[in-house]
Amino acid sequence: MIETEIWPNLLKEMARRGVPSVLLNGRISDRSIGKYRLIAPFLKKTLGRISSFCMQSNLDAERITELGAPKDRVRVTGNMKFDIE
């Protein structure tokens, strides 16, 4: 998945089949964090199905962890679109 497009049913089916999933270029804007917080209890289970989170910044990593992502699966990798040489 790219840039925090989270598809709960897809993740559920992937987990059921034992297929790992990765969130690349993850980000959570100032505008969207409030909305995500409202559904955090639902998100926690969904986020727990993601194998690895590659977040754009430390703030994005903190936010995804706050929403329920397992901390040991979260990494800061920068912006993979624009940070490559």
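The values are calculated or read from the model by the stated rules, or taken from the named source; none is laboratory data. Since this is a predicted model, take the numbers as computed values, not measurements. Please note: Cβ atoms are built from the backbone with ideal geometry, for glycine as well, and neighbour counts cover all protein chains shown. Remember, those area values only see protein heavy atoms, side chains included, never the ligands or the DNA or RNA. Shrake-Rupley method; radii C 1.70, N 1.55, O 1.52, S 1.80 Å.
Values for this structure:
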{"read-out": "Leading residue at positive end of dipole, the chain (Cβ point charges), from Ser51, Ser29, Asn79", "value": "Ser51"}
{"read-out": "Long-range HN-HN contacts of Ile2 with modeled amide H, under 5 Å", "value": "Leu24"}
{"read-out": "Label-to-label distance, nm, for residues given as Glu5 and Asp30 (7 Å Cα→Cβ offset)", "value": "2.6"}
{"read-out": "Listed pairs Lys44/Lys71; Lys12/Lys45; Lys12/Lys35 exceeding 20 Å between Cα atoms", "value": "Lys12/Lys35"}
{"read-out": "Förster-model FRET efficiency, 41 Å R0, Lys81 and Arg16, C-beta, rounded to 0.05", "value": "0.85"}
{"read-out": "Helical mean residue ellipticity (222 nm; -39500 (n - 2.57) per DSSP H run of 4+; nearest 500) of the chain", "value": "-12000 deg cm²/dmol"}
{"read-out": "For Thr4, net neighbour charge (Lys/Arg +1, Asp/Glu -1) across residues whose Cβ lies under 10 Å away", "value": "-1"}
{"read-out": "Solvent-accessible area per residue, Å², over the chain with all protein chains present [probe radius 1.4 Å]", "value": "66"}
{"read-out": "Interatomic Cα distance distribution for the chain, bins of 10 angstrom, percent", "value": "19, 54, 25, 3"}
{"read-out": "Rel. contact order, % - alpha carbon contacts under 8 angstrom, at least six apart, the chain", "value": "31"}
{"read-out": "Sulfur and carbon atoms: percent of accessible area, the chain [1.4 Å]", "value": "55"}
